[in-house]
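Data block below; observations after.
The values are calculated or read from the model by the stated rules, or taken from the named source; none is laboratory data. These numbers were taken from a predicted model, which means no experiment stands behind them. Methodologically, a virtual Cβ is constructed for each residue, glycine included, from the backbone with ideal geometry; neighbour enumeration extends over all protein chains shown. Accessible surface is based on the protein model in full, side chains and every heavy atom, while ligands, DNA and RNA are left aside. Shrake-Rupley method; radii C 1.70, N 1.55, O 1.52, S 1.80 Å.
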Amino acid sequence: MNKFRGQTAAVLRPRSTEEVSAIMRYCHERKLAVTPQGGNTGLVGGSVPLHDELILSTSLMNQVYGIDAVARTLTCQAGCVLETLNAALAEHDLMMPLDLGAKGSCQIGGNISSNAGGLRFLRYGSLHGSVLGLKAVLPNGDVIDTMKGLRKDNTGYDLKQLFIGSEGTLGIITEVLMGVVQKPSAVNVAFLACPGYDQVQQTLVAAQKGLGEILSAFEFLDHEGMRCVNETVDVPNPFDSTAPFYVLVETHGSNSEHDYAKLEAFLENAMETGCVVDGVVAQDATQAAALWQVRERITEGLQHDGVVYKYDISLPVQHLYSLVEAMRPRVADLATRCVGFGHLGDGNLHLNITSPTASEELFAQIEPFVYEFTREHRGSISAEHGLGLMKARHIHYSQPAANVTLMRQLKGLLDPHGLLNPYKTVEENPLNV
Ligand code: FAD
Ligand code: MLT
Ligand code: ZN
């Protein structure tokens, strides 16, 4: 996002849990701060060292230990790239339960540390459910081991949950045991044009009813998002004319005839009721991938404008787009674009405002309005990207004071010297960035 600039004296690249533990013990004794770094694709500055933090990179921790096709589990080191894990699982007709546009670079340790949601969340759920075990090295070098891999284990507190979504502030994840899912033998992708946001919502309800258990993604973008990928990354609009909203619907199933029939019935109904004014269904995997490009390449496209003011908001679906509508007149000519897209099926809006260079005048129109709107509608200021550096000082918009106090107490207990990923997430005195 051209926003966060890091500096460090050294990058350490351990190969094992034991090496990470030795590094942390050394740093703990000498009070050296450490920033864990995976694929460095995070969008809130979490993996950026700010002052003199050492970078601990997991990039050499990329071994797959095993795939159990009966238990449907995968055991690996934290530095494995998401796409590489999917390639290994495909040989067993299995796949990872999460998918995201950064799959070619992001690592499973980074995904778990940021509790990434992504494009399949609607169907396969949160990492809080699909991570079955992990090893994490605490700031003092101790190793927490929850790698038994049992799906059911109620012996005391579920410690692995502490590290899922804690953005490298409580421990360094070194090994992972994932619950994985069946690779679908029948996949359909439809790209639809809708005349208004009401119709987008009705299409979601119709998809949930008509497609039921095979619905695997329900993503949306607005006309500004479409224009962005058309203009900046040369991804064409699948339709000849433009529409206010576009929806990508995907199904994952095991019976292509049955799934296709369901999709056709859903589409017929959506077009008859006027919720959908145009639609295209991919006829093969190449066409499906081309349709996904429209959605997945928005992030990259936005960067071409220069500076991106990026917000990742959870809101009740009925209020979700009103934030974009309220923002547009505020930023008006100060912005190059004001784009709304995201994981509609999860109530997750990505609001992005771009401009050629950083502008205080523009920024003043966006913040704190965006956070106040979110609080008023009982939303979350971080649906899936985390707080990192960017939003640490805004945590109170989405968490009551007592919750923040407990989070800081936990941080103090595990990391009394504040050595692991300082200035971020639940930091008491975060930087004003
Ligand atoms: P990094 O960026 O390296 O680190 C992320 C955070 O985790 C940092 O705070 C870091 O300190 C910490 N960390 C990293 N590894 C470890 C470890 N082993 N132990 C402890 N802490 C660690 N996110 C979504 O939720 N959904 C999306 O759909 C999505 N799509 C994206 C699309 C694109 C094109 C891009 C660029 C990003 C997208 N993201 C999305 C952001 C997402 O959070 C990251 O892509 C990914 O989960 C981070 O993984 P990483 O390995 O790059 O982690
Ligand atoms: C996405 O859903 O594409 C990602 O979360 C990336 C983004 O918000 O830019
Ligand atoms: Zn997203």
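Amide H contacts of residue 165: 113, 114, 115, each under 5 Å away and 5 or more positions distant or on a separate chain (H built 1.01 Å from N in the peptide plane; Pro and chain starts excluded). Rounded to the nearest 10 degrees, the angle from helix 17-30 to the longest Cα principal axis of the chain is 60 degrees.
Volume per residue for the range 17-77 equals 110 cubic angstrom (convex hull of Cα atoms). Among 266, 371, 353, whose Cα sits farthest toward the positive end of the charge dipole of the chain (+1 at Cβ of Lys/Arg, -1 at Cβ of Asp/Glu, about the Cα centre)? Of the listed residues, the answer is 371.
Annotation for the range 152-187 versus the range 16-93: alpha-carbon center distance of 13 Å. When the chain is treated as a Gaussian network with alpha carbon springs shorter than 10 Å, the biggest mean-square fluctuation among 415, 312, 284 belongs to 284.
Using the alpha-carbon atoms, what tilt in degrees (0 to 90, nearest 10) does helix 401-414 show relative to the longest principal axis of the chain? Taking Cα atoms only, the helix is inclined about 40 degrees.
Projected over all directions and averaged, the alpha-carbon convex hull of the chain occupies 20.5 nm².
What full-extension length gain, to one decimal in nm, is calculated for residue 15 and residue 213 as 0.36 nm per residue of separation minus the Cα-Cα distance? Intermediate values should be presented prior to the final figure.
On the way: separation 198, 0.36 × 198 = 71.28 nm, distance 4.08 nm.
Gain in length upon complete extension: 67.2 nm.
In sequence order, what are the phi-derived ³J(HN,Hα) couplings for the range 217-232 according to the Karplus relation 6.51 cos²θ - 1.76 cosθ + 1.60 with θ = phi - 60°, rounded to whole Hz, with x for glycine and proline? Whole-Hz 3J(HN,Hα) from phi for the range 217-232: 7, 9, 10, 9, 8, 9, 4, 5, x, 4, 4, 4, 5, 5, 7, 9.
Entry note: the range 321-433 has Rg to Rh equal to 1.01, where both radii use alpha-carbon atoms and Rh is the Kirkwood radius. Gyration tensor over the Cα atoms of the range 185-236: the corresponding equivalent ellipsoid has semi-axes (square roots of 5 times the eigenvalues, largest first) of 24, 16, 7 Å. Computed from label points 7 Å out along Cα-Cβ, the spacing between residue 155 and residue 406 is 2.5 nm.
Which whole-number percent gives the relative contact order of the chain, counting Cα pairs below 8 Å spaced six or more residues apart? Relative CO of the chain lands at 17 percent. For the range 173-293, the convex hull drawn through the C-alpha positions has a volume of 146 cubic angstrom per residue. With q set to 0.13 Å⁻¹, the log10 of I(q)/I(0) for the range 218-355, from the Debye formula over equal scatterers at the Cα positions, is -0.61.
From the helices alone, meaning DSSP H stretches of at least four residues, give me the mean residue ellipticity at 222 nm for the chain, per-run term -39500 (n - 2.57), in deg cm²/dmol to the nearest 500.
Numbers: 15 runs with 145 residues, N = 433.
Mean residue ellipticity at 222 nm (helix-derived): -9500 deg cm²/dmol.
Treating only the Cβ atoms of Lys and Arg (+1) and Asp and Glu (-1) as charged, compute the dipole magnitude of the chain about its Cα centre; round to the nearest 20 debye.
Numbers: 33 positive and 48 negative charges, 266 e Å.
Charge dipole of the chain: 1280 debye, to the nearest 20.
Amide H to amide H distances under 5 Å link residue 37 with 56, 57, 58, where only residues 5 or more positions off or on other chains count and H is placed in the peptide plane.
For the chain, set up a GNM with springs between Cα atoms under 10 Å and report which of 273, 58, 73 has the largest fluctuation. Evaluated over the chain, the most mobile residue of the options is 273. Of the accessible area of the chain, computed with a 1.4 Å probe over protein heavy atoms only, carbon and sulfur atoms account for 49 percent. For the chain, give me the percentage of DSSP beta bridges that are antiparallel, rounded to the nearest 5 percent. Looking only at bridges with both residues in the chain, the antiparallel portion is about 90 percent.
Can you give the FRET efficiency to the nearest 0.05 for residue 68 and residue 145, using r as the Cβ-Cβ distance and R₀ = 22 Å? The pair residue 68/residue 145 has a calculated efficiency of 0.75. The long axis of helix 197-211 is offset from the longest Cα principal axis of the chain by roughly 80 degrees.
Pairs of Lys residues in the range 91-224, spaced 8 or more positions apart or belonging to different chains, with C-alpha separations under 25 angstrom: 11 in total.
Calculated FRET efficiency, residue 332 to residue 205, Cβ-Cβ distance, R0 = 41 Å: about 0.80 to the nearest 0.05. Comparing 221, 132, 334 in a Gaussian network model of the chain where C-alpha atoms under 10 Å apart are linked, the largest mean-square fluctuation is found at 334.
Proximity of backbone amide H atoms, modeled 1.01 Å from N, is registered between residue 217 and 250 at under 5 Å, excluding neighbours fewer than 5 places apart on the same chain.
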